[in-house]
Amino acid sequence: MIILIARRLILSLVTLFIISLIVYVGVEALPGDSATGYLGQWATPESLAALREEFGLNDPIHVRYINWLGDILRGDLGVSMVKRKPVAELIGNRFRNTVVLTITSALVGIPLAIILGVIAGLMRDKLPDVIISTTSIVAMTLPGFVTATVLIYIFAIRLEWFPAITLVPSDVSVIELLDTMLLPIITLTMIMVAHILRLVRTNMIDVMVSDYVQMARLKGVPARQIVFKHALPNAMLPTINIVALTLAWLVGGVAIIETVFNFPGIGKLLIDAITDRDFALVQGIAMILSGIYIALNLTADLLSLVLNPKLRTARGH
Amino acid sequence: MSDCLVDVRELTIGYYNQKGTLVLVLQGVNLEVKPGETLGLVGESGCGKSTLGQAMMGYLRSGSQVLGGSVKFADHDMFALNNRQLETIRGRQIALIPQNAGDALTPTLRVGNQIIEAIELNADLSGAAAKNRMLELLAQVHLPHPDVMANRYPHELSGGQQQRAVIAMALAAEPYMLILDEPTTGLDVTTQAHILNLLRDIVADLGTAMMYISHDLGVIARVSDRIALMYAGEIVEDTNVAEMFKSPAHPYARGLLESIPRLNLAGIPNSMPGQPPIPGTLPGCSFAPRCSFISEICRSKSPPFTSIPGPPHRVRCDNWEKVLAIDFSQELQQVFRTIEHTTEDEPAIELSGLEITYHRSGFMERIRSIPEPPATVSDITLSVKRGETLALVGESGSGKTTIVRTISGLLPAKRGSIQFEDCDLTVEVDQRPMELCRHVQLIFQNPDASLNPRHTVAEILDQPLKLYFPDMTHDERRARQIELLERVRLEGRYRLRYPGQMSGGEKQRVAIARAFAADPEVVLCDEVTSALDVSVQAAVLDLLADLQRERNTTYIFIAHDLAVVRAIADRVAVLYQGRLCEVGTVDEIYSPPYHPYTETLLGAVLVPDPDHEPKLLASDTPELAPPAKGCAFQRRCPYCMPDLCVEEIPPWQFPESDDGHKIRCHIPINELLVDQKAAF
């Protein structure tokens with residue numbers, strides 16, 4: 001068991017290292033460099049050369065990579081040459097905003113998805129299931145920005161309940177952000193619920209026809225106890241990983257939703273950084289997002305390890 | 001309460017299939033069970049016996065519905081009760097012991113807690129009292145260390161232990177009745193015999209009524225007072241055990257009993273032609289198309305359930321007097337036939353010093369030089385003559401499938417050699433020359449898994465033909481396919497069918513035809529009949545024997561059923577934990593002197609004869625790995641000698657001194673003979 005956890009941890013670190021390579025090399029491979037981005041249209045060959053000398057941009061790529069990685073390990077994400085500010089400072093509040101946005105969506109979405117999934121699974125092919133399943137397929141199929149646009153049209157433009165886009169700076173308090181966050185949260189929740197719900201529903205259906213549920217029924221266990229004690233824990237096990245994947249997707253996919261709503265989060269910052277050729281910022285954000293992605297998957301793996309007796313009690317491996 | 005505990009009246013159950021047509025599962029079933037009685041419900045797959053068992057608990061599979069009749073249990077009309085009322089009866093008054101205990105236990109709950117749940121619901125105990133009762137129940141079903149077992153999850157228990165845990169759960173409230181749905185199918189013979197003894201004792205102690213559902217007439221003979229035989233959703237015969245086995249009155253009962261291979265009769269039993277119809281699709285008797293006693297009335301009118309004078313005996317046949325006029329015990333002696341075939345003296349396959357292991361030393365193990373565990377299969381030296389059938393026999397974990405997989409090249413050998421003619425068969429299959437692959441073919445246990453469901457029979461048979469005979473033209477292959485189908489007694493029109501459109505027996509014939517398409521010298525048969533019904537099994541055994549005689553093919557035949565081995569094999573090798581215990585001809589193996597393990601296996605076999613009592617020698621504790629030294633069977637052997645057997649690998653002994661019979665045991669042959677002759 002401990003060996004298993006240690007192995008997963010090491011594997012995660014290796015993955016993170018490989019990602020750092022890809023992120024760095026990938027971003028560096030883009031045409032132009034930070035110096036052209038920094039000087040923009042005023043760039044002359046002389047000033048470019050001077051700037052490259054100053055920031056060590058002429059060093060071979062592996063030297064620059066090692067320096068960059070060393071800085072990151074020390075907690076220094078570098079300096080954005082476009083915005084002329086440390087990357088960490090730029091990310092700061094926006095990261096907080098994104099985290100609040102995604103965590104709120106997850107806190108609403110995951111329990112909702114499980115409840116709806118269980119209801120749909122238990123009432124298979126009956127009216128509630130048909131309604132839930134059809135809605136979830138629609139929510140899954142529509143791209144996030146379409147859903148967002150439709151919601152903006154209905155709630156912001158027609159009903160005028162919420163602002164259509166955020167016009168506040170990134171450093172306001174969370175309370176002030178709240179009403180501008182509602183529409184992005186609803187959008188994210190809808191997409192997330194759809195994915196998780198469908199899996200919970202399928203698992204629930206499988207588990208409800210299993211021999212052990214039939215056995216529980218024939219041993220006189222009341223229906224409610226069958227669902228909560230015998231069926232649900234077994235239906236949830238395969239769901240844990242999908243929940244983690246969906247959350248991880250949420251962190252990455254939030255970029256588009258944030259852009260649509262002009263929400264001051266890390267995703268919007270990433271899109272802006274790419275347009276501005278702000279290499280240090282892109283690399284910094286990419287590393288943070290990858291870190292979250294890997295951490296979530298690791299948590300899911302460990303969680304299913306703890307919750308699944310078959311894995312927990314396995315010897316060796 | 002009336003004098004019947006269960007009273008099933010004219011029960012008809014069916015479901016609508018995807019096309020919207022009504023398919024019957026049970027038609028007009030009448031059955032009573034008295035308090036404390038043990039009823040065996042027998043029938044082949046698909047006859048509706050499980051549906052009837054579940055219906056007695058007021059349970060229907062989703063989609064099924066009651067179309068007529070009623071089920072009364074302890075005067076409750078089970079299909080008129082609501083769910084809440086059913087919950088108070090199920091588990092408390094009538095409990096189920098299901099077929100696959102491993103699947104019937106919830107994987108995320110500890111075994112003890114699942115039993116406590118049943119106790120709290122049905123026996124009105126809670127807290128410490130419920131826990132004590134749980135431990136008491138686990139001890140009652142002879143589980144070692146109840147407190148340890150209670151804390152385990154289902155997957156941490158062996159098959160036999162899981163079955164015991166489920167029995168404990170069913171006994172929680174000491175119900176009036178137990179429904180047992182094939183509870184020992186899938187367990188090893190020794191485990192099965194132990195579980196059945198346990199059930200008999202418990203039922204006798206508590207006075208519980210029991211309905212035991214099984215396809216295995218040997219098991220039924222062992223546990224029941226009375227037997228009801230089902231065919232195509234109907235009960236066709238209902239009488240006490242002695243009558244059923246000594247003078248069955250329904251032609252189907254006779255056919256079924258005649259198709260079972262017997263330990264005491266050499267040769268292949270009779271097979272029944274045809275297959276059962278879907279219930280309710282024939283105007284007359286369901287069995288008419290397969291019946292040899294058929295008369296005019298059978299085709300037009302469904303026979304009534306008539307009582308035969310004498311002991312309670314009811315039969316659904318118009319010609320029962322004609323059937324009973326023929327003495328069954330004499331008839332039984334005549335149906336077994338041996339298919340003569342010649343074996344040549346030269347060996348087809350020779351295994352010498354074969355050792356196979358699944359263990360792969362990990363990095364850390366190599367660094368710390370941890371010794372390797374004993375190999376899964378070790379020191380196998382055997383020779384199979386051309387045209388001979390060698391059977392490998394043993395419980396699960398005995399290494400028989402491992403050996404066959406190595407011969408077929410699916411697993412590497414660690415040490416030793418496998419010689420086939422001039423070729424070395426220790427080479428894995430992807431490095432073997434095509435001609436060698438062609439000569440060694442494999443038939444698997446389950447045709448559902450070994451035939452591609454998306455290929456027609458023609459495509460399935462085409463594969464080996466294209467692979468091994470690249471010069472064949474399309475027309476030649478087509479002609480060969482039809483010829484192959486004829487050889488396995490299927491009509492040419494089967495070429496266009498998909499596996500899903502055939503019965504289990506037909507599918508296994510196609511799998512056999514595929515193996516013979518390669519025109520092989522050696523055919524490896526891995527439990528080829530264990531997924532089939534007995535009536536079909538006899539036909540497949542017969543077919544295999546015929547095919548062998550035609551081409552002088554060599555068979556290596558794996559089976560756990562010792563009666564099947566008796567029917568088809570020339571020589572037998574008994575394996576325990578991957579080590580040979582005894583090798584000899586069929587006659588030598590099935591009569592004393594035996595290796596203690598052979599004796600244990602033969603003693604545990606349940607034969608379709610109510611007067612036969614199994615002899616339980618060794619415990620049924622499963623072993624996960626062979627011992628590091630000494631005799632492989634030391635831990636379970638009833639005659640184990642503490643020092644000798646534990647320390648030293650036993651020598652081979654040769655009772656006849658000339659031919660192949662050899663027993664690997666420390667006990668001198670004379671002593672074995674004395675004990676065993678006295679016992680049998």
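Along the charge dipole of chain B, which of B:PRO433, B:ALA458, B:PHE444 sits closest to the positive end, that is, farthest toward it, with unit charges on the beta carbon of Lys, Arg, Asp and Glu (+1, +1, -1, -1)?
Of B:PRO433, B:ALA458, B:PHE444, it is B:ALA458.
Could you pull out the trypsin sites (Lys or Arg not before Pro) across segment B:281-323 that fall in loop regions by DSSP (anything but H, G, I, E, B) with no more than 14 other Cβ atoms inside 10 Å?
B:LYS301
Any idea how far the Cα center of segment B:191-268 sits from the one of segment B:443-458, in Å?
Comparing the Cα centres of segment B:191-268 and segment B:443-458, I get a distance of 32 Å.
Rounded, prolate or oblate: which fits chain B when a ≥ b ≥ c are the square roots of the eigenvalues of the alpha-carbon gyration tensor, with rounded for a/c under 1.5 and prolate only if a/b beats b/c?
The shape class here is oblate.
For the protein assembly as shown, what is the percent of antiparallel DSSP beta bridges, rounded to the nearest 5?
The antiparallel fraction comes to roughly 60 percent.
In chain B, what % of DSSP beta bridges are antiparallel (nearest 5)?
Roughly 60 percent of the beta bridges in chain B run antiparallel, per DSSP.
At 222 nm, what helix-only mean residue ellipticity would chain A give, in deg cm²/dmol to the nearest 500, using -39500 (n - 2.57) for each DSSP H run of four or more?
Here the helix-only value at 222 nm equals -24500 deg cm²/dmol.
When N counts the residues of segment B:75-195, how does its alpha-carbon radius of gyration compare numerically with 2.2 N^0.38 Å, as a ratio?
Segment B:75-195 yields a ratio of 1.05.
Evaluate E = 1/(1 + (r/R0)^6) for B:ALA80 and B:TYR16, where r is the Cβ-Cβ distance and R0 equals 22 Å; express this FRET efficiency to the nearest 0.05. If you can, show how the numbers build up before the last one.
Values: r = 22 Å, r/R0 = 1.02.
The calculated FRET efficiency here is 0.45.
Could you please state how large a percent of the accessible area of segment A:42-188 is carbon and sulfur, counting protein chains only and using a 1.4 Å probe? Show your work: numbers first, answer last.
Values: 6060 of 8680 Å².
Ligands and nucleic acids excluded, carbon and sulfur reach 70 percent.
Once you sort the root eigenvalues of the Cα gyration tensor of segment B:246-338 as a ≥ b ≥ c, which label holds: rounded (a/c under 1.5), prolate (a/b larger than b/c) or oblate (the other case)?
Judged from the Cα gyration tensor, segment B:246-338 comes out oblate (a/c at least 1.5, b/c at or above a/b).
For B:LYS466, list the lysines whose Cα falls under 30 Å from its own Cα; do not include residues on the same chain fewer than 8 positions away.
B:LYS385, B:LYS507
Considering the Cα trace of segment B:528-680, what is its radius of gyration and what is Dmax, both in angstroms?
Computed over the Cα atoms of segment B:528-680, radius of gyration and Dmax are 16.8, 51 Å.
Taking amide hydrogens as modeled 1.01 Å from N in the peptide plane, which residues meet the under 5 Å criterion relative to B:GLU44, leaving out close sequence neighbours?
Those lying under 5 Å, H to H, from B:GLU44: there are none.
With +1 on each Lys and Arg Cβ and -1 on each Asp and Glu Cβ, and nothing else charged, work out how big the dipole of segment A:98-268 is about its Cα centre, in Debye to the nearest 20. Can you show the working numbers first?
Values: 10 positive and 9 negative charges, 148 e Å.
That gives a dipole near 700 debye.
Please list 3J(HN,Hα) in residue order for segment B:172-182, calculated via the Karplus relation 6.51 cos²θ - 1.76 cosθ + 1.60 where θ = phi - 60°; whole Hz, with x for glycine and proline.
3, 9, 6, x, 5, 9, 10, 9, 10, 9, 6
Once phi is turned into ³J(HN,Hα) by the Karplus curve 6.51 cos²θ - 1.76 cosθ + 1.60 with θ = phi - 60°, what whole-Hz value does each residue of segment A:140-150 show in order, with x for glycine and proline?
Values per residue, Gly and Pro as x: 6, 6, 5, x, x, 6, 5, 3, 4, 5, 4 Hz.
As I understand it, the dipole of the protein assembly as shown uses +1 on the Cβ of Lys and Arg and -1 on the Cβ of Asp and Glu, about the Cα centre. Which of B:GLN54, B:GLY274, B:ALA538 lies farthest toward its positive end?
Highest projection toward the positive end goes to B:GLN54.
Computing the accessible area with a 1.4 Å probe over protein heavy atoms, can you report the carbon and sulfur percentage for segment B:106-174? Please report the intermediate quantities before stating the final value.
Details: 1230 of 2560 Å².
Carbon and sulfur: 48 percent of the exposed surface of segment B:106-174.
May I ask you to give the percent of accessible area on segment B:1-87 that is carbon plus sulfur, with a probe radius of 1.4 Å?
Values: 1770 of 3920 Å².
After summing per-atom areas, the C and S share lands at 45 percent.
Once you have the Cα-Cα distance between B:ASP327 and B:ARG489, take 0.36 nm times their residue separation minus that, and quote the gain in nm to one decimal.
Length gained between B:ASP327 and B:ARG489: 55.2 nm.
Once amide H atoms are placed 1.01 Å from N in the peptide plane, what residues at a sequence separation of 5 or more from B:ILE443, or on another chain, have their amide H within under 5 Å of its amide H?
Amide H neighbours of B:ILE443: B:LEU524, B:CYS525, B:ASP526.
For an R0 of 35 angstrom, estimate the FRET efficiency from the Cβ-Cβ distance between B:ARG9 and B:ARG337 and round to the nearest 0.05. The partial results should precede the final answer.
Working: r = 44 Å, r/R0 = 1.25.
The calculated FRET efficiency here is 0.20.
Over segment A:191-317, calculate the relative contact order: mean separation of alpha carbon pairs under 8 Å at least 6 apart, over the residue count, as a percent.
24 percent.
Show me, for segment A:245-261, the HN-Hα J-couplings you get by feeding each phi into the Karplus relation (A = 6.51, B = -1.76, C = 1.60, θ = phi - 60°), rounded to Hz, glycine and proline as x.
4, 5, 4, 4, 4, 4, 5, x, x, 5, 3, 5, 4, 4, 5, 4, 8
List the pair-distance distribution P(r) of chain A, using every Cα-Cα distance, as the percent of pairs falling in each 10 Å bin from 0 up to the bin containing the longest distance, rounded to whole percents.
5, 21, 25, 23, 15, 7, 2, 1, 0
Nearest 100 Å² is fine: what is the total accessible surface buried where chains B and A meet, probe 1.4 Å?
By this definition, chains B and A bury close to 2300 Å².
Taking only Cα atoms, what is the 0 to 90° angle, nearest 10, from helix A:266-275's long axis to the longest principal axis of chain A?
So the helix axis and the longest Cα principal axis differ by about 40 degrees.
Using mean Cβ contacts within 10 Å as the protection proxy, how do B:648-654, B:591-597 order, highest first?
B:591-597, B:648-654
Taking H as built 1.01 Å from N, whose amide H comes closer than 5 Å to the amide H of B:TYR231, not counting residues under 5 places away?
Excluding prolines and chain starts, which carry no amide H, the hits are B:VAL236.
In this model, which of A:LYS229/B:LYS131; A:LYS126/B:LYS19; A:LYS310/B:LYS400 are farther than 22 Å apart at the alpha-carbon? Intermediate results must be reported in sequence, preceding the final value.
Details: A:LYS229/B:LYS131 18 Å; A:LYS126/B:LYS19 20 Å; A:LYS310/B:LYS400 28 Å.
Violating the 22 Å limit, Cα to Cα: A:LYS310/B:LYS400.
Report the charge-dipole magnitude of segment B:103-174 in Debye, nearest 20, computed about the Cα centre from +1 at each Lys and Arg Cβ and -1 at each Asp and Glu Cβ.
Taking the Cα centre of segment B:103-174 as origin, the dipole is about 160 debye.
Counting only heavy atoms of protein chains, what accessible area per residue, in Å², does chain B have with a probe of 1.4 Å?
Working: 28100 Å² over 680 residues.
Heavy-atom SASA per residue in chain B reads 41 Å².
Which number comes out as Rg/Rh for the protein assembly as shown once both Rg and the Kirkwood Rh are worked out on C-alpha atoms?
Rg/Rh for the protein assembly as shown comes to 1.05.
Return the percentage of antiparallel bridges among DSSP beta bridges fully within segment B:503-644, rounded to the nearest 5 %.
55 percent
So how strong a dipole does segment A:56-157 carry about its Cα centre when Lys and Arg Cβ are +1 and Asp and Glu Cβ are -1, to the nearest 20 debye?
Numbers: 9 positive and 6 negative charges, 50 e Å.
With Lys and Arg at +1 and Asp and Glu at -1, about 240 debye.
In the full protein assembly as shown, how much of B:LEU467 is accessible to a 1.4 Å probe, in Å² to the nearest 10?
Approximately 90 Å² for this residue.
Pull up the cross-link candidates among the lysines for A:LYS85, meaning alpha carbon to alpha carbon under 25 Å and not fewer than 8 places away within one chain.
Partners found: A:LYS268.
Pick out, from A:ASN262, A:ILE185, A:ILE132, the residue whose Cα sits farthest towards the positive end of the charge dipole of segment A:98-268, with +1 on the Cβ of Lys and Arg and -1 on the Cβ of Asp and Glu.
Comparing the listed Cα positions along the dipole, A:ILE132 ranks first.
What FRET efficiency comes out for B:THR456 versus A:ALA295 if R0 is 60 angstrom and r is the Cβ-Cβ distance? Round to the nearest 0.05.
Working: r = 51 Å, r/R0 = 0.86.
Once the sixth-power term is evaluated, E becomes 0.70.
Quick one: Cα centre-to-centre distance for segment B:335-376 and segment B:405-440, in angstrom?
Cα centroid of segment B:335-376 versus Cα centroid of segment B:405-440: 12 Å apart.
Which aspartates and glutamates does B:LYS629 reach when only Cα atoms under 20 Å apart count, and residues fewer than 8 places away in its own chain are ignored?
B:GLU355, B:GLU372, B:ASP379, B:GLU582, B:ASP643, B:GLU647, B:GLU648
From Cα pairs below 8 angstrom and at least 6 apart in sequence, can you work out the relative contact order of segment B:246-338, rounded to a whole percent?
36 percent
Per-residue Cβ counts within 10 Å, from other chains only, averaged over B:99-110: what number is that?
Mean inter-chain Cβ contacts per residue within 10 Å come to 6.
The values are calculated or read from the model by the stated rules, or taken from the named source; none is laboratory data. Note that the coordinates shown come from a computational prediction; the quantities given were computed from them, not determined experimentally. Quick reminder, even Gly has a Cβ in these numbers, built from the backbone with ideal geometry, and neighbours come from all protein chains shown. Calculation scope for accessible area: heavy atoms of the full protein, side chains included, ligands and nucleic acids excluded. Shrake-Rupley method; radii C 1.70, N 1.55, O 1.52, S 1.80 Å.
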